[in-house]
Amino acid sequence: AESTLLTRHIRHTHGIGQADHSVAMIGKEGHLKMAEMGFIGCLNNGWPDWNPPQIPIEILSSVNHMKETGEVVNGYFVQARQAADGVVLSIRLMRPLDLLTLREQQVATMVADGMPYKVVAKELDISPSTVTNHINSVHSKLEVTSRAELRKALRDS
């Protein structure tokens with residue numbers, strides 16, 4: 001069941017879950033202890049055969065090695081923070097930008113805004129060939145082939 005005060009406390013204490021995220025607390029054994037209704041909705045939609053209170057194995061297996069920034073799991077963006085008595089999770093639908101590294105996001109945004117590669121390179125203190133490598137990776141990950149498609153993909157994120 002959702003508790004607004006508890007949820008607000010968890011978000012603040014663990015610095016997790018922006019407004020468009022839903023949060024939950026799971027115990028060390030991987031069982032759901034508390035969750036917002038949106039979190040339950042995401043699990044029901046993304047894992048139709050989910051068997052509460054155990055969190056889906058795809059999420060549990062990625063919690064231990066999850067980067068601080070989060071990870072895409074089964075079409076959802078999931079973040080995790082260790083807590084004294086378990087793990088705090090936040091979840092939302094994946095956006096295209098979630099597939100990119102932070103540096104790829106920086107480069108993609110600057111290029112989509114019309115900056116020439118040389119200017120991007122100078123601003124980020126990297127070589128123009130590194131900018132090209134990042135853009136090639138971005139194009140591959142987002143399945144775009146032009147600056148206009150990149151701009152649209154970023155706008156839709």
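Derivation of every value follows stated rules applied to the coordinates shown; laboratory data play no part. If you're wondering where the values come from, they're calculated on a predicted model, not measured in any experiment. We place every Cβ from the backbone using ideal geometry, glycine too, and count neighbours over all the protein chains shown.
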Among LEU124, PRO53, ILE91, the residue whose Cα sits farthest towards the positive end of the charge dipole of the chain, when +1 is placed on the Cβ of each Lys and Arg and -1 on the Cβ of each Asp and Glu, is LEU124
hull vol. (C-alpha, convex hull) per residue for the chain, Å³ -> 129
Nearest-0.05 FRET efficiency for ASP113 and ASN133 at R0 = 22 Å, using Cβ-Cβ distance, is 0.70
Expressed as a whole-number percentage, the relative contact order of the range 28-109 with C-alpha contacts under 8 angstrom and at least six residues apart is 24
The Kirkwood hydrodynamic radius of the range 38-83, taken as the inverse of the mean 1/r over all distinct Cα pairs, in Å, comes to 11.1
A correct Kirkwood calculation over the Cα atoms of the range 1-78 returns a hydrodynamic radius in Å of 13.0
Measuring from the longest principal axis of the C-alpha atoms of the chain, the long axis of helix 128-142 (C-alpha) lies at a number of degrees, nearest 10, equal to 50
As straight-line cross-link partners of LYS67, the qualifying aspartates and glutamates (C-alpha separation under 14 Å, not fewer than 8 residues apart within one chain) are ASP98
Asserting the computed 222 nm helical MRE of the chain (DSSP H runs at least 4 long, -39500 (n - 2.57) per run, divided by residue count, to nearest 500) equals -13500 deg cm²/dmol
Toy charge model, Lys and Arg Cβ at +1, Asp and Glu Cβ at -1: the range 101-157 dipole around Cα centroid in debye, rounded to 20, equals 80
